[in-house]
Structure formats: C-alpha cells, structure tokens
1. Mind putting together the pair-distance distribution for the range A:18-156? All Cα pairs, 10 Å bins, whole percent per bin, short to long.
2. Just the number, please: percent antiparallel of the DSSP beta bridges in chain A, rounded to the nearest 5.
3. Once the cut-off is 26 Å, how many percent of the Cα-Cα pairs in chain A end up in the long-distance tail?
4. Summing -39500 (n - 2.57) over the DSSP H runs of n ≥ 4 in chain B and dividing by its residue number, what mean residue ellipticity at 222 nm do you reach, to the nearest 500 deg cm²/dmol?
5. What average number of partner chain Cβ atoms lie no more than 10 Å from the Cβ of the residues making up A:85-93?
6. To two decimal places, what compactness ratio does the range B:246-305 give when its Cα radius of gyration is scaled by 2.2 N^0.38 Å?
7. Alpha carbon centre of the range B:130-164 versus the range B:16-32: separation in Å?
8. For the Cα atoms of chain A, what angle does the longest principal axis make with the long axis of helix A:172-187, in degrees from 0 to 90, nearest 10?
Ligand SMILES: Nc1ncnc2c1ncn2[C@@H]1O[C@H](COP(=O)(O)OP(=O)(O)OP(=O)(O)O)[C@@H](O)[C@H]1O
Ligand SMILES: [Mg+2]
C-alpha cells in the first residue's frame with residue numbers, strides 16, 4: 001500500500017430525514033488502482049458517490065481529494081479538477097447523438113467545436129461505440145447507454161473516475177467486452193472506484209475491495225481477503241455468496 | 001463556416017425584395033414580421049437552445065424600447081446611441097431577472113411564471129411612472145434624417161431590420177458551433193449530466209439569458225424608431241412575449257431559421273384573420289392559440305422539423321445517396 005492516497009473519505013455521514021443513509025464511512029482510495037465498493041441494495045453506495053462528486057453535501061465528515069477538502073465544491077468544479085462520475089440511472093442527453101453527447105465532456109479540454117467532436121470519435125472507439133456515433137442517444141440499447149456514460153466521463157480526461165454499476169443490465173458477453181475496457185483505464189493513469197454487484201467482475205478487476213453495509217464500511221481488503229471472509233460475505237451478500245466469489249476468483253485468476 | 005452561406009443567401013434574397021417595387025403595405029408587413037423574427041430569435045437562444053421557456057420576454061423588448069425613447073426625448077441623446085444603450089439595458093435586465101431566477105433554482109413552469117410576473121410588474125410600473133409617459137405613452141419627435149434613425153421611406157427601415165435579423169441568425173449559428181452552445185444544449189437536455197461534465201449550469205443559463213435579452217431589446221428599440229411611439233401595453237404587454245415564443249415554436253425551436261419562418265407564418269395568419277373577420281379584438285390571440293395547439297400536436301419540431309423529415313425521406317429514397325453528414329446542432 002505504498003501508492004499515494006488519491007481520495008480519503010473521512011467519517012462521512014448523510015441523513016435523509018429519519019434515514020441515516022451513510023453512517024460515518026471512512027476509507028482511502030489509492031492512486032493508480034481500481035477500488036471496488038460493494039454492498040447490498042440501499043447500503044449507501046450511490047449516496048457516497050454523490051457526496052464525493054459534489055452532487056450532495058454530507059451531513060458531516062470530510063472528503064479529501066489529493067489532500068484537499070472538497071466538501072462544498074460544486075460538481076462542475078470537481079469535474080474540472082479531475083473527478084468524473086457515471087450515473088447508476090443513466091443520464092444521456094437524449095436528443096443529441098452519441099458524438100454530441102461525448103463532445104460535451106471533451107469540451108472541458110477542447111474549446112473548439114471541431115476538436116471536441118474529433119476527440120469524441122476517438123473516445124467512442126475506445127469504449128466500442130465507434131459505429132453508433134451518429135445515432136441519437138435515445139436510440140441506444142442498455143449496454144450502449146452504459147458505454148455512453150463511461151465515454152462521456154472519459155472525455156473529461158479524469159484522474160479519479162467513479163463508476164456506478166456500469167456493468168448492471170449487461171448480458172454476460174457484454175460484461176466480457178467491458179471488463180478489459182475498465183482494466184485499461186488504469187494504464188491510462190486513471191484511478192477508479194467502482195460500485196458493482198457483478199462479483200466475478202469485481203474479483204477480476206479490483207485490487208482493493210470495500211464492503212459497505214447500512215452506511216458503514218464493514219470490511220476492506222484484497223478481493224481474496226474479502227472473498228475469504230465468510231462472515232462478511234454471508235452477512236451482507238447472502239448465503240452462498242462466499243462460495244460463488246471463490247469460484248469466480250479461481251475462474252478469472 | 002458551415003451554415004453561414006445559407007444565412008447570407010437568404011439575407012441577400014430578402015434584401016432584394018424592395019427592388020421589385022413592392023407596395024408600402026407589403027413592406028410594412030415585412031418590417032413587422034422581421035421585428036417578430038428578431039424577438040423570436042432572441043427567445044430562441046434561451047428557450048430553443050437552453051430549454052428555458054420564458055413567458056415574459058416583453059420585459060426585454062420594453063426595456064430596449066423605453067430606454068431608447070427616454071434617452072432621446074428626455075436627455076437629447078442621439079437615436080443610434082440611444083438604440084445601442086437600449087440593447088445594453090435589455091442585457092442588464094436579462095442579467096438581473098436571470099440571476100434572480102436561476103440562482104433560486106427556478107425551472108420549467110416556475111421559471112415561465114416568474115418571467116411573466118417580471119414583465120407584468122414592469123408593465124404596471126411603466127403605466128404609472130411619469131418618465132415612461134405613464135398612461136399616455138411616449139411620442140418620439142419626428143426628425144426624418146438618417147442620423148436620427150428616421151427615414152422618409154420604409155425601405156431603409158426594412159434593410160435595417162433585415163440586417164439586425166441577419167446578425168441574430170449569424171449569432172445563433174455561431175452559438176451552435178461553439179462550446180457555449182454545446183453546454184447550453186446539454187443544460188436543456190439534462191442538467192445533472194451537464195454538471196457532471198464540468199458545465200456551470202447557472203453561468204450558462206445566465207449567459208444565454210443575457211444574449212437572448214439583448215436581441216429582444218434590439219427589436220424593442222427598432223420598434224420605437226419605426227412607429228415613433230411606445231406605451232406600457234406595447235412595450236411590456238403580453239402580445240410580444242407571446243409572439244416572441246410563438247414564432248420559434250411554429251418555425252422550429254432550437255433551429256437557426258425557425259424564428260424567421262415562424263414569424264412570417266404568424267404574421268400571415270394574423271393578417272388573414274383580419275381580412276376575414278375585421279379587426280375584432282383578441283381574435284389574433286385565439287388564432288395563435290389554435291395554431292399553437294396544432295403545431296405542438298402535429299409537428300412538435302415546427303416547420304424546420306417537418307422540412308428536415310422530408311429531406312431525410314428524400315435522401316433515403318435515393319439508393320446512391322450518401323449518409324447525411326454529421327452535424328453539430330440541428331439546424332435547417
Ligand atoms: N435523495 C434521497 N432522499 C431520501 N432518501 C434517499 C435519497 N437518496 C437515497 N436515499 C436512500 O438512502 C439509502 C441509500 O441509497 P443508495 O442509493 O445510496 O444505495 P445504494 O447502495 O446505491 O443501493 P443500490 O445498490 O440499490 O444502488 C436508500 O435507503 C435510499 O432509499
Ligand atoms: Mg446505487
């Protein structure tokens with residue numbers, strides 16, 4: 001664990017009326033790695049992402065990005081500073097083409113329209129959307145929309161990328177296509193935190209896994225440590241999950 | 001630049017119209033249609049591209065008109081300078097109204113109602129305040145010299161409003177082809193996604209509001225020079241708020257030529273109604289309402305949308321035709 005800390009979440013809590021969605025969660029994400037955030041439905045994973053990316057203020061706690069507290073910084077500024085996110089419920093610019101969608105992100109570093117559109121073409125190729133560039137985003141399949149979420153975020157050239165279930169809703173072959181794309185991000189110098197329910201993808205991609213349950217981080221470690229922690233797995237991912245994870249881990253090496 | 005050629009050709013064709021000796025009635029019709037085209041183009045920047053539907057763009061039309069008239073009448077300012085100052089005042093009004101509404105997070109129908117309220121408050125203020133001529137209105141002194149932005153003939157007026165409309169077309173085309181335009185459309189399509197992609201949503205809306213208001217104020221300032229009269233009902237009345245949004249909606253929201261096409265249609269309909277029924281008050285509004293319902297039901301993307309669909313159908317029919325070139329925005 002000698003890599004520098006890119007993101008430090010310090011005792012973050014978030015209250016929605018009577019519900020404590022995040023309850024004093026703390027963790028570090030190391031630069032240059034893929035960290036997975038797993039946990040049952042309603043654990044507070046998406047809420048944590050919303051707080052980190054500036055979309056919601058925490059009720060208490062701090063978020064340090066490269067050592068600086070970013071709580072209270074508006075989302076567009078965080079995007080400009082290098083934090084990109086995707087939305088679990090995809091948010092395409094429905095009336096625009098795939099190319100135009102991606103170009104919005106590319107404009108962050110490309111002031112000229114032609115350059116942003118050219119950059120969009122290049123990013124689309126990276127995520128496998130090259131043949132859909134002129135399609136309206138509204139006409140994409142689920143898999144296409146997930147790719148578009150990823151492409152737009154990548155167009156920002158982020159240093160920290162928050163992926164919220166980009167594999168959910170994809171069929172096994174589509175998942176197989178996406179896994180190398182995500183792994184490739186680290187080679188481009190992007191630090192990734194991914195929320196994911198598809199366990200074999202987590203085992204296959206993440207160097208570090210965090211388990212969130214009822215708003216609290218209850219465990220953290222390498223995929224095999226997490227998978228080998230039957231208490232964690234049985235309690236929070238359901239019976240039989242430990243076995244499934246071990247098998248998945250073995251299958252992918 | 002793509003699209004500019006078309007704008008210049010259309011402008012040149014329209015500029016040639018007076019050379020064929022058209023009647024004063026026709027010229028007058030065209031001038032008033034172009035005033036609406038200009039106001040409609042202003043509305044289109046914010047409403048069509050930014051998705052922020054204002055029901056109160058009269059606030060900017062009236063401010064442009066009154067500031068220009070008052071500077072000329074009460075302070076003896078040259079008419080051209082007064083006209084420019086009116087545009088500046090309109091932009092300022094846009095910044096104030098936009099700043100107040102967007103900062104408090106008003107969207108959709110709330111934004112529409114608040115803009116309507118601003119325009120109505122200004123109308124009531126103008127109808128009681130001495131400096132705006134209160135209930136009587138303001139008559140600009142007759143001074144038929146080009147230096148005073150007044151002309152013997154309607155032809156120079158026609159060319160000036162045509163030039164203003166052309167500039168507004170070029171501005172909108174430039175917006176379409178810019179980062180600001182991309183951000184503006186992104187805000188229209190999905191504010192949350194835009195924020196996540198580094199777009200300062202409030203700043204973009206405010207920028208659009210200021211440009212929008214300035215263009216509409218130019219229409220108001222021109223109106224004063226052309227008719228040499230303004231009162232609260234004309235300046236800040238609902239008629240201009242309605243026509244400014246009707247023209248782009250009928251012609252095609254978020255397209256370069258939509259407001260111009262729509263303004264011509266709106267004015268033709270208005271004239272036709274007068275011919276059939278005489279000048280019954282409120283009748284034009286009823287007709288506009290009916291047309292609006294029809295357009296929204298049958299052609300939600302307006303005339304420009306219908307044209308684009310027809311064109312796409314023709315392209316598809318030709319087997320050897322190449323796929324359409326990717327375009328930055330959807331313009332005609
Ligand atoms: N804006 C909100 N207002 C009120 N409650 C909310 C809000 N957002 C989330 N919640 C609640 O907070 C809890 C955590 O939600 P969150 O979306 O963060 O869970 P999650 O871990 O992402 O779950 P999933 O795996 O289903 O996506 C849930 O009980 C949810 O209903
Ligand atoms: Mg979630």
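Laboratory data are not the source of any read-out in this text; all were calculated from the coordinates shown. Remember, predicted model here, so these are calculated numbers, not experimental data. We place every Cβ from the backbone using ideal geometry, glycine too, and count neighbours over all the protein chains shown.
1. 11, 36, 32, 18, 3
2. DSSP beta bridges in chain A are roughly 55 percent antiparallel.
3. Values: 12470 of 31878 pairs.
In whole percent, the long-distance tail amounts to 39.
4. -23500 deg cm²/dmol
5. Mean shielding count: 4.
6. For the range B:246-305, the normalised Cα radius of gyration comes out at 1.12.
7. 18
8. Helix A:172-187 sits roughly 90 degrees off the main axis of chain A.
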